[in-house]
Amino acid sequence: MDPESRKKLQIVMLAAIVIAGGRAAYIVYDRYQERKEADQPKKEVALKADYYISPKKLHPYDLKSARELTKQPVWVRAGYFHTYYPYDVARHKADFGHESGTLLPLQKLQIQDVVTDVSPKDPGSKQVLARFALEGKEYAVPIGVEKSGDFKIYSDDIFFIEDPHDLYKYWPPDVWQAIDGHEVRSGMNELQAGFALGAGIPEGSGDYGSRTLHYANGGKPMIITFRGDKAVEIKQGS
């Protein structure tokens, strides 16, 4: 091998040794850092107070257990979502052919009874209905289905059986003032907006608290964008 080639080979070998040594040093340092981080106590991420709230549920499985709804007032969880119908107490019949409206956000009701009736749209099963009165008139809202003696009752997803004002009493007074007025203000979170405007429909993708939702809002549509679970853009829909 001529001197020039030998010199080039020595330079290449030296460079390889330096690179290998540097990589070995980096691996040792990286593993040291991993051990160091593993030995340090992990910082806990603080959860919002809302996540610690666990509303009471009845878990009804038949008419008798569902009638526990009559023992205290209830409050509607998702407004402008659940349709209710006129109810004839004497005939024990709901008029499924005429919708009376949809339950309002956080509307307070006193359930008078839980009954069953057959809907023309589904004659093979019975609707489980919660009966209540508004302005002297009787109504019923579906809360489940009974078929061949098998009940599926969803009242826990429809009603609170505790006053949300007490459940979330730590929310500031101005937030509750907006909710009770069916308004949303900048900085309110998704849960609070839902309490104010009712059920929202997501626009496209996005995680809870970081997305845009469309609210029917009883015929006064709103579009609200949330970032970091705070309302950052509030505008009227169409």
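The values are calculated or read from the model by the stated rules, or taken from the named source; none is laboratory data. Small disclaimer: the values here were computed from a predicted structure and weren't measured. No Cβ is skipped: glycine too gets one built from the backbone with ideal geometry, and neighbour counts run over all protein chains shown. Remember, those area values only see protein heavy atoms, side chains included, never the ligands or the DNA or RNA. Shrake-Rupley method; radii C 1.70, N 1.55, O 1.52, S 1.80 Å.
With r defined as the distance between the Cβ atoms of Lys220 and Asp150 and R0 fixed at 35 Å, what FRET efficiency is calculated, to the nearest 0.05?
Once rounded, the FRET efficiency stands at 0.30.
Could you work out what % of the accessible surface of region 92-238 is carbon and sulfur, using a 1.4 angstrom probe and leaving DNA, RNA and ligands out of the count?
49
Quick one: how many Å² of His98 are accessible to a 1.4 Å probe, rounded to 10?
For His98, solvent-accessible area is about 120 Å².
As an exercise, identify the chymotrypsin sites (Phe, Trp or Tyr not before Pro) in region 126-206 lying in DSSP coil whose Cβ has no more than 10 other Cβ atoms within 10 Å.
Tyr170
Rounded to two decimals, what is Rg over Rh for region 125-238 when you use alpha-carbon atoms and the Kirkwood radius?
Rg/Rh for region 125-238 comes to 1.05.
Report the net charge of residues surrounding Lys71, where surrounding means a beta-carbon distance below 13 angstrom and charges are Lys +1, Arg +1, Asp -1, Glu -1.
Around Lys71, the charge tally is 0.
Mind listing the phi-derived Karplus ³J(HN,Hα) values for region 125-136, rounded to whole Hz, using 6.51, -1.76 and 1.60 with θ = phi - 60°, and x for any glycine or proline?
8, 10, 7, 8, 10, 9, 9, 8, 10, 9, 6, x
From Cα pairs below 8 angstrom and at least 6 apart in sequence, can you work out the relative contact order of region 106-238, rounded to a whole percent?
So the answer I get is 13 percent.
Quick one: of Lys64/Lys169; Lys56/Lys230; Lys121/Lys220; Lys121/Lys147, which pairs are farther than 22 Å apart, Cα to Cα?
Lys64/Lys169; Lys56/Lys230; Lys121/Lys220
If you place +1 on the Cβ of every Lys and Arg, -1 on the Cβ of every Asp and Glu, and leave all else neutral, what size is the dipole of region 181-238 about its Cα centre, to the nearest 20 Debye?
140
Residues with beta-carbon under 11 Å from that of Phe96, excluding Phe96: net charge, scoring Lys, Arg +1 and Asp, Glu -1?
Local net charge: -2.
Could you check the spin-label model distance between Val89 and Tyr61? Points 7 Å from the Cα along Cα→Cβ, value in nm.
3.2
Which net charge results for the neighbourhood of Tyr139, defined as the other residues with beta-carbon distances under 15 angstrom from its beta-carbon, given Lys and Arg at +1 and Asp and Glu at -1?
Result for the neighbourhood of Tyr139: -2.
At a Förster radius of 30 Å, what calculated FRET efficiency corresponds to the Cβ-Cβ distance of Gln110 and Lys230, to the nearest 0.05?
0.30
Would you mind getting the accessible area per residue of region 43-197, heavy atoms of the protein chains only, 1.4 Å probe, in Å²?
Solvent-accessible surface per residue comes out at 56 Å².
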